[in-house]
Amino acid sequence: MSWNVNAKSGMSTRRTAQFLQALARMRADVVLLQEVAARGGLWARLEHGLQSIGLPFAAFTARRPPAEKCYGTAIASRFPVALDRGSWAPGAPWPHLLLRATVRLPRLGSVEVLGAHMPNGSGNGWRKVETFEALARYLESASRVPRVLGGDFNEPRSLGDDGRLVSFGQRQVGAGWSREGMWTRLGETFHRARWDQAVVSVLDGPHLRHAWMDRHGRELVATHHTRTSERSFDHLLVSPHFEVLDAGYEHAWRRQGLSDHSGVWADLRLSR
């Protein structure tokens, strides 16, 4: 499962306890977390708490983060985890927002798990696109091993009437959407098609399929509410090695104030 826990500035003792109780009830084998603060000792507290609920293997990407993104992505698992701290996604502006780990499953072998927190476009402009492009290049070049990708992608905007993803790089033209033309953001101008292609390559590309859509059909579910809109930003994607037995969202966590995002989960069966 994957969850943006909205803890860039830390997490109170009370919310930490509620967070751990919520995860314990899920009984997930592997958990991806986004927006975990790198300061204030939060990760040390979370790591200890995760061990207490049956997730003894954990790793965190942001032990030495830059000042402007002082938070990271984490993984916790019932099974041994090896975190890749190398430069596996060159071109990503903030590599610690991306996670790559190997989880060793008993009797089934290894699964590659990728976690992502994509920077939003409103505050980071084309750095968001560069992060998508770095991840897309990795998915294109990597060996075809069993793989799960989960996180908060800050995309898409919606689905079009034809079922295609509509990214924030597109502009509305009449009743439809277009990726034609240029877009300037934070002083940089590029083709809208570049933005759109980067998003589609990851979220709707040839290598992974969307777990929820695989099970429930071509639709999006709102996982994050802003002041003016509902957005489907949180996703789990899987390689063809997996059968999706079921998939869903934990909206109650958001409604209870544990985060501003819903959790997303998938029940998977690995076929060899």
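Just checking, how many residues over region 197-217 are in a loop (DSSP other than H, G, I, E, B) and surrounded by 12 or more Cβ atoms within 10 Å (Cβ to Cβ)? The total comes to 4. For Leu220, state whether it is of a type outside the set (Gly, Ala, Ser), part of a strand (DSSP E or B) and either in contact with a strand residue (DSSP E or B) (Cβ under 7 Å, 6 or more places away or on another chain) or surrounded by fewer than 21 Cβ atoms within 10 Å (Cβ to Cβ) (or both). So Leu220 fails the test. The set of residues in region 19-36 being of a type in the set (Lys, Arg) and in a loop (DSSP other than H, G, I, E, B) consists of Arg27 alone.
Do we find a residue being among the small types (Gly, Ala, Ser), assigned to a loop (DSSP other than H, G, I, E, B) and touching a strand residue (DSSP E or B) at 6+ places or on another chain (Cβ under 9 Å) anywhere in region 11-18? Taking every residue of region 11-18 in turn, none turns out to be among the small types (Gly, Ala, Ser), assigned to a loop (DSSP other than H, G, I, E, B) and touching a strand residue (DSSP E or B) at 6+ places or on another chain (Cβ under 9 Å). Within region 145-169, the set of residues being free of Cβ contacts under 8 Å to residues at least 40 places away in the same chain, of a type outside the set (Ser, Thr, Tyr) and in contact with an Asp or Glu (Cβ under 6 Å, 6 or more places away or on another chain) comprises Leu165 only.
Out of Arg164, Arg144, one residue alone is within 30 Å of Val31 (Cα to Cα) and surrounded by fewer than 11 Cβ atoms within 10 Å (Cβ to Cβ). It is Arg144.
Taking region 181-196 as the range and being surrounded by fewer than 11 Cβ atoms within 10 Å (Cβ to Cβ) and either touching a Ser or Thr at 6+ places or on another chain (Cβ under 6 Å) or at pLDDT 90 or above (or both) as the test, only Met182 passes. Taken over region 69-84, the criterion of being more than 17 Å from the chain's Cα centre (by Cα) and in contact (Cβ under 8 Å) with a residue 24 or more places away in the chain is satisfied by Cys70, Arg78, Phe79, Pro80, Val81. Restricting region 64-89 to residues that are of a type in the set (S, T, N, Q) and modelled with pLDDT of 95 or more, the residue that is nearest to Thr102 (Cα to Cα) is Ser77. Residue count for region 109-118 under the criterion of being surrounded by fewer than 22 Cβ atoms within 10 Å (Cβ to Cβ) and either among the charged types (D, E, K, R) or under 17 Å from the mean Cα position of the chain (by Cα) (or both): the result is 1. Of all residues in region 194-212, at least one satisfies being within 23 Å of Ser141 (Cβ to Cβ), of a type in the set (Phe, Trp, Tyr) and in contact with a helix residue (DSSP H, G or I) (Cβ under 8 Å, 6 or more places away or on another chain).
This table checks each residue for (1) surrounded by 14 or more Cβ atoms within 10 Å (Cβ to Cβ); (2) within 27 Å of Asn120 (Cα to Cα); (3) at pLDDT 95 or above.
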position: His48; (1), (2), (3): no, no, yes
position: Ile53; (1), (2), (3): yes, no, yes
position: Ala62; (1), (2), (3): yes, yes, no
position: Leu99; (1), (2), (3): yes, yes, yes
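The values are calculated or read from the model by the stated rules, or taken from the named source; none is laboratory data. These numbers were taken from a predicted model, which means no experiment stands behind them. In this analysis, Cβ positions are derived from the backbone assuming ideal geometry, glycine residues included, and neighbour counts consider all displayed protein chains.
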